[in-house]
Amino acid sequence: MVINLIEKLHNLKKNQTDLKLMEKAQLESRIEKIDIEVALTKNQIDTASVQKHGAISDFMILTIHKNTMRSHILKLNNEKKGLNLEIEKVIKEIIELQKETEQFAYILEEERKEAIKKILLAEEEASTEYMQSKYINERTNF
(Lines give C-alpha, C1' and ligand atoms only; values in the text may rest on other atoms or scores of the structure.)
Protein backbone atom coordinates (compact mmCIF):
# COMPACT_ATOMS: atom_id res chain seq x y z
CA MET A 1 0.00 0.00 0.00
CA VAL A 2 2.72 2.45 1.01
CA ILE A 3 4.86 1.35 -1.93
CA ASN A 4 1.97 2.01 -4.34
CA LEU A 5 1.48 5.49 -2.92
CA ILE A 6 5.19 6.27 -3.12
CA GLU A 7 5.33 4.88 -6.64
CA LYS A 8 2.39 7.06 -7.67
CA LEU A 9 4.05 10.13 -6.16
CA HIS A 10 7.31 9.24 -7.92
CA ASN A 11 5.50 8.91 -11.27
CA LEU A 12 3.64 12.17 -10.64
CA LYS A 13 6.89 14.04 -10.04
CA LYS A 14 8.42 12.50 -13.16
CA ASN A 15 5.41 13.61 -15.21
CA GLN A 16 5.53 17.11 -13.74
CA THR A 17 9.23 17.30 -14.58
CA ASP A 18 8.54 16.23 -18.16
CA LEU A 19 5.83 18.89 -18.48
CA LYS A 20 8.21 21.57 -17.19
CA LEU A 21 10.86 20.43 -19.67
CA MET A 22 8.32 20.79 -22.48
CA GLU A 23 7.35 24.25 -21.19
CA LYS A 24 11.03 25.22 -21.18
CA ALA A 25 11.41 24.00 -24.77
CA GLN A 26 8.38 26.05 -25.84
CA LEU A 27 9.83 29.18 -24.21
CA GLU A 28 13.18 28.58 -25.89
CA SER A 29 11.36 28.18 -29.22
CA ARG A 30 9.61 31.52 -28.71
CA ILE A 31 12.96 33.15 -27.93
CA GLU A 32 14.41 31.68 -31.11
CA LYS A 33 11.50 33.12 -33.12
CA ILE A 34 12.12 36.52 -31.53
CA ASP A 35 15.82 36.33 -32.43
CA ILE A 36 14.91 35.56 -36.03
CA GLU A 37 12.43 38.44 -36.16
CA VAL A 38 15.02 40.82 -34.65
CA ALA A 39 17.58 39.75 -37.25
CA LEU A 40 15.08 40.24 -40.09
CA THR A 41 14.06 43.66 -38.76
CA LYS A 42 17.70 44.74 -38.45
CA ASN A 43 18.26 43.63 -42.02
CA GLN A 44 15.25 45.70 -43.13
CA ILE A 45 16.66 48.72 -41.32
CA ASP A 46 20.01 48.28 -43.03
CA THR A 47 18.55 47.76 -46.49
CA ALA A 48 15.72 50.33 -46.45
CA SER A 49 16.45 53.22 -48.76
CA VAL A 50 14.93 55.85 -51.02
CA GLN A 51 15.79 56.93 -54.52
CA LYS A 52 19.01 58.86 -54.74
CA HIS A 53 17.32 62.07 -55.85
CA GLY A 54 14.04 61.56 -54.00
CA ALA A 55 12.12 64.23 -52.17
CA ILE A 56 12.92 65.33 -48.62
CA SER A 57 9.65 63.76 -47.47
CA ASP A 58 10.93 60.39 -48.67
CA PHE A 59 13.88 60.71 -46.27
CA MET A 60 11.57 61.70 -43.42
CA ILE A 61 9.29 58.73 -44.08
CA LEU A 62 12.33 56.45 -44.23
CA THR A 63 13.55 57.82 -40.89
CA ILE A 64 10.14 57.29 -39.33
CA HIS A 65 10.05 53.77 -40.75
CA LYS A 66 13.52 52.96 -39.39
CA ASN A 67 12.61 54.39 -35.97
CA THR A 68 9.46 52.25 -35.94
CA MET A 69 11.52 49.16 -36.72
CA ARG A 70 14.02 50.05 -33.97
CA SER A 71 11.12 50.44 -31.55
CA HIS A 72 9.85 47.04 -32.65
CA ILE A 73 13.29 45.54 -31.94
CA LEU A 74 13.27 47.06 -28.44
CA LYS A 75 9.82 45.58 -27.82
CA LEU A 76 11.03 42.17 -29.00
CA ASN A 77 14.12 42.35 -26.81
CA ASN A 78 11.96 43.20 -23.77
CA GLU A 79 9.73 40.23 -24.54
CA LYS A 80 12.85 38.07 -24.86
CA LYS A 81 14.07 39.22 -21.43
CA GLY A 82 10.71 38.27 -19.94
CA LEU A 83 10.88 34.85 -21.57
CA ASN A 84 14.42 34.34 -20.26
CA LEU A 85 13.16 35.12 -16.75
CA GLU A 86 10.37 32.58 -17.22
CA ILE A 87 12.94 30.01 -18.37
CA GLU A 88 15.02 30.61 -15.25
CA LYS A 89 11.91 30.13 -13.11
CA VAL A 90 11.01 26.93 -14.95
CA ILE A 91 14.57 25.62 -14.59
CA LYS A 92 14.37 26.15 -10.82
CA GLU A 93 11.04 24.30 -10.76
CA ILE A 94 12.54 21.48 -12.82
CA ILE A 95 15.45 21.16 -10.41
CA GLU A 96 13.08 21.03 -7.45
CA LEU A 97 10.89 18.42 -9.14
CA GLN A 98 13.93 16.33 -10.00
CA LYS A 99 15.06 16.44 -6.38
CA GLU A 100 11.62 15.31 -5.23
CA THR A 101 11.59 12.57 -7.87
CA GLU A 102 14.96 11.31 -6.68
CA GLN A 103 13.77 11.36 -3.07
CA PHE A 104 10.71 9.28 -3.93
CA ALA A 105 12.84 6.93 -6.03
CA TYR A 106 15.17 6.44 -3.07
CA ILE A 107 12.27 5.84 -0.67
CA LEU A 108 10.71 3.43 -3.15
CA GLU A 109 13.96 1.51 -3.51
CA GLU A 110 14.38 1.32 0.27
CA GLU A 111 10.80 0.06 0.64
CA ARG A 112 11.44 -2.61 -2.00
CA LYS A 113 14.66 -3.69 -0.26
CA GLU A 114 12.78 -3.89 3.03
CA ALA A 115 10.04 -6.00 1.43
CA ILE A 116 12.65 -8.35 -0.05
CA LYS A 117 14.32 -8.66 3.37
CA LYS A 118 10.97 -9.55 4.95
CA ILE A 119 10.32 -12.19 2.28
CA LEU A 120 13.80 -13.67 2.72
CA LEU A 121 13.40 -13.69 6.49
CA ALA A 122 10.02 -15.43 6.22
CA GLU A 123 11.52 -18.01 3.85
CA GLU A 124 14.43 -18.55 6.21
CA GLU A 125 12.07 -19.03 9.14
CA ALA A 126 9.96 -21.45 7.13
CA SER A 127 13.00 -23.47 6.09
CA THR A 128 14.32 -23.48 9.66
CA GLU A 129 10.97 -24.70 10.94
CA TYR A 130 10.89 -27.37 8.25
CA MET A 131 14.38 -28.54 9.16
CA GLN A 132 13.51 -28.58 12.86
CA SER A 133 10.32 -30.55 12.27
CA LYS A 134 12.19 -32.98 10.03
CA TYR A 135 14.88 -33.40 12.68
CA ILE A 136 12.25 -33.94 15.38
CA ASN A 137 10.43 -36.49 13.21
CA GLU A 138 13.67 -38.37 12.59
CA ARG A 139 14.49 -38.39 16.32
CA THR A 140 11.05 -39.66 17.23
CA ASN A 141 11.18 -42.43 14.63
CA PHE A 142 14.31 -43.96 16.22
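The values are calculated or read from the model by the stated rules, or taken from the named source; none is laboratory data. Note that the structure is a prediction, hence the values are computed from the model and not measured. Don't worry about glycine lacking a Cβ; one is built from the backbone with ideal geometry, like all the others, and counts go over all protein chains shown. In case anyone asks, the SASA skips ligands and DNA or RNA and just uses the protein heavy atoms, side chains included. Shrake-Rupley method; radii C 1.70, N 1.55, O 1.52, S 1.80 Å.
Some points to look at:
- Screening T17, T68, T101, T41 for residues that are in contact with a Lys or Arg (Cβ under 6 Å, 6 or more places away or on another chain), at pLDDT below 95, of a type in the set (S, T, Y) and open to solvent by less than 100 Å² (accessible area, probe 1.4 Å) leaves exactly one candidate, T101.
- Residue pairs whose Cβ atoms lie under 6 Å apart, separated by 6 or more positions or on different chains, with the first residue in the range 99-117 and polar (S, T, N, Q) and the second open to solvent by 50 Å² or more (accessible area, probe 1.4 Å) and modelled with pLDDT of 90 or more, are T101/K14.
- Candidates K75, K99, filtered to the one that is farther than 27 Å from K14 by Cβ and in a helix (DSSP H, G or I): K75
- Considering residues of the range 108-142 that are at pLDDT below 90 and aliphatic (A, V, I, L, M) only, the residue farthest from K14 (Cα to Cα): I136
- Single unsatisfied condition, S49 versus (1) modelled with pLDDT under 95; (2) assigned to a helix (DSSP H, G or I); (3) surrounded by fewer than 15 Cβ atoms within 10 Å (Cβ to Cβ): (2)
- The single condition from (1) over 20 Å from the mean Cα position of the chain (by Cα); (2) among the β-branched types (V, I, T); (3) under 30 Å from I34 (Cα atoms) that I95 fails is (1).
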